[in-house]
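What follows is a short report on a single structure.
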Amino acid sequence: MMSRILRVAVCLVVCVGAAPALAQLPGMQIEGQTAPGERDPESVIRDQLDAFNAHAADAMTANLHEQFAWFAVDSNVMTLEMEGRGTFRDSMVQYFRALPSARAELQDVVVAGNFVTTIERAYWVQNGVETSQASLAVYEIRNGLIYRVWYYPAYE
């Protein structure tokens, strides 16, 4: 029993310790790391914001992973809001049609590996008055694309 525990411990030390070195080998990439030539996670989110502000639904969709999913998190409930590129694109086209003045800015950005946490403030004109609200969002980036996003309740 002790030798099995020792083997597992050695394997963990060797495997985890070797991960950065393995990632440097040609053709090797550790899940969650940015590959050479791939956009870094923060750049992906900034590109997405630029596309949003240009109302470019196709450009926004191009930033999404094939298995993209968007979740809303509220207290102790997480809801799948949308899944897939096509659904996202259609939703953004409708959104920009309904709110032609929509724009957004990043008020804060924190990057932790392949996760990007933002505070985003959205602005739009409603009944002649500019309105805004902010929200916390957490993005997971895989292969230089947005894989998952979790949005938290908006606040003024």
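The values are calculated or read from the model by the stated rules, or taken from the named source; none is laboratory data. Just so we're clear, the structure is a prediction, and the values are computed from it rather than from any experiment. Please note: Cβ atoms are built from the backbone with ideal geometry, for glycine as well, and neighbour counts cover all protein chains shown.
Quick one: in the stretch 105-156, of everything that is among the small types (G, A, S) and assigned to a strand (DSSP E or B), which residue is surrounded by the fewest Cβ atoms within 10 Å (Cβ to Cβ)? This residue is A112.
Return the residues of the stretch 90-102 that are surrounded by 16 or more Cβ atoms within 10 Å (Cβ to Cβ) and among the charged types (D, E, K, R); say none if nothing qualifies. The answer is none; no residue qualifies.
Okay, residues lined up against (1) within 19 Å of A154 (Cα to Cα); (2) modelled with pLDDT of 95 or more; (3) touching an Asp or Glu at 6+ places or on another chain (Cβ under 7 Å):
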| site | (1), (2), (3) |
| --- | --- |
| A23 | no, no, no |
| Q29 | no, no, no |
| E38 | no, no, no |
| E42 | no, yes, no |
| A62 | no, yes, no |
| H65 | no, yes, no |
| V77 | yes, yes, no |
| E83 | no, yes, no |
| T118 | yes, yes, yes |
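Listed by first and then second residue, the pairs linking a residue in the stretch 71-87 that is among the acidic types (D, E) to a residue that is surrounded by fewer than 15 Cβ atoms within 10 Å (Cβ to Cβ) and not in a strand (DSSP E or B), with Cβ atoms under 6 Å apart and 6 or more places separating them unless they lie on different chains, are D74/P153. Starting from residues that are in contact with a Phe, Trp or Tyr (Cβ under 8 Å, 6 or more places away or on another chain) and of a type in the set (V, I, T), keep the ones in the stretch 61-102 and report whichever is nearest to A137 (Cα to Cα). Among residues in the stretch 61-102 that are in contact with a Phe, Trp or Tyr (Cβ under 8 Å, 6 or more places away or on another chain) and of a type in the set (V, I, T), the one nearest to A137 (Cα to Cα) is V73.
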